[in-house]
Amino acid sequence: QTEGASMAGFVPGEIVTVRDLLYGAMLPSGAECCEALVRLVSDSEESFVALMNQKAAELGMKNTHFTNPTGLHSDNTYTTARDMAIMAKYAMQKSAFSSIVKNYAVQLGQTNKHADLWQYSTNKMLLTSSPYYYAPVVGIKTGSTDEAGRCVISQAEDSGYHYFCVVMGSPVTAAEPYQNFIETRQLYRWAFGNFSLRTLLEQGELMAEVPVKYSGDGKVAIKEDVVQLLRDDISLDSIIYKAELPEFVEAPIAAGDTVGKMHIMLMGEEIGTVELVATQDFSLSWFRKALGTIGSL
């Protein structure tokens, strides 16, 4: 079941910890570690794969299907860059996972079969002496088959910004066997160098008025700050704000009640929305309601 797969170097009968197996699976892509972990979690590979597909569905990975725990090629194993990003973001929230995949080399120490066992990552972006090294990278994982090409899922952090990048299907050529790392580094440099978080609207900012039936006119304001990641060359003057409000609302209304929505548009596309809320209480005027009732009669 692991024929043609990369291995971590563990041998039959070797006594290791679960953490050792996780390092072996996540750093050098050790297929024997995956098989051992399967037996620890499930009574069969089929039931473990079912758990994999169940978890993928729970995370919203709508275009993914697993048939084995090793990542080896299968005609019915498939995924997308978006789904892999969903899985990576979920996994990196687990400290046990993120603490493993950030390492290039880890010394596991002595076992009953090895005097000193090391594990080395296939992610050359973590290796300082590598031509593919990129300091902001904090993981995550490579994967390669003849059919899929060279792939790498990564996360990078710099100056408070956090990005995920998924590169799949990079060809292997004699001139450049690791185009996946080069493309990833270029994408990160572009993102870090050209995008910034910009505050478009501030909480409490007055945006419109709406008639309050059986009371007076009410002002509405932005419920919370709206912060968006935008390219630095985009002027905030090019952003259009469209308030979605009813013709009127009926009293009573309390300050903070949602009465509408603000749509934020850029080049014809909606890039965000935020609720519009009442800025003050509006009590029901029974006199105005009586006059309104008499008028309708």
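The values are calculated or read from the model by the stated rules, or taken from the named source; none is laboratory data. Owing to the predicted nature of the structure, the values given are computational and were not obtained by experimental measurement. All Cβ positions, glycine included, derive from the backbone under ideal geometry; neighbour counts span all protein chains shown. Heavy atoms of the whole protein, side chains included, go into the accessibility calculation; ligands, DNA and RNA do not. Shrake-Rupley method; radii C 1.70, N 1.55, O 1.52, S 1.80 Å.
Here are the numbers for the structure shown:
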{"read-out": "All positions within region 5-29 that are among the β-branched types (Val, Ile, Thr) and touching a strand residue (DSSP E or B) at 6+ places or on another chain (Cβ under 8 Å)", "value": "Val16"}
{"read-out": "Verdict on Gly9 being open to solvent by less than 60 Å² (accessible area, probe 1.4 Å), touching a residue at least 60 places away in the same chain (Cβ under 8 Å) and in contact with a Gly (Cβ under 6 Å, 6 or more places away or on another chain)", "value": "no"}
{"read-out": "Residues that are open to solvent by 40 Å² or more (accessible area, probe 1.4 Å), outside any loop (DSSP other than H, G, I, E, B) and of a type outside the set (Val, Ile, Thr), drawn from region 12-29", "value": "Arg19, Leu22, Met26"}
{"read-out": "Residue check, Thr142 under 26 Å from Ser74 (Cα atoms), polar (S, T, N, Q) and in a strand (DSSP E or B)", "value": "yes"}
{"read-out": "Matching option when the condition is under 26 Å from His73 (Cβ atoms) and surrounded by 14 or more Cβ atoms within 10 Å (Cβ to Cβ), among Ala156, Ala148", "value": "Ala148"}
{"read-out": "Candidates Ile234, Ile153, Ile182, filtered to the one that is part of a loop (DSSP other than H, G, I, E, B), at pLDDT 95 or above and under 27 Å from Arg82 (Cα atoms)", "value": "Ile234"}
{"read-out": "Residue within region 30-52 that is more than 18 Å from Met84 (Cβ to Cβ), touching a strand residue (DSSP E or B) at 6+ places or on another chain (Cβ under 8 Å), part of a helix (DSSP H, G or I) and not hydrophobic (A, V, I, L, M, F, W, C) present", "value": "no"}
{"read-out": "Residue within region 49-69 that is polar (S, T, N, Q), within 30 Å of Ser129 (Cβ to Cβ) and touching a residue at least 60 places away in the same chain (Cβ under 8 Å) present", "value": "no"}
{"read-out": "Which numbered condition Pro131 misses (of (1) in a loop (DSSP other than H, G, I, E, B); (2) in contact with a Gly (Cβ under 9 Å, 6 or more places away or on another chain))", "value": "(2)"}
{"read-out": "Every residue from region 244-258 that is over 13 Å from Lys219 (Cβ atoms) and in contact with a Ser or Thr (Cβ under 8 Å, 6 or more places away or on another chain)", "value": "Ala251, Pro252"}
{"read-out": "Residue count for region 196-226, restricted to those that are crowded, with 16+ Cβ neighbours inside 10 Å and modelled with pLDDT of 95 or more", "value": "6"}
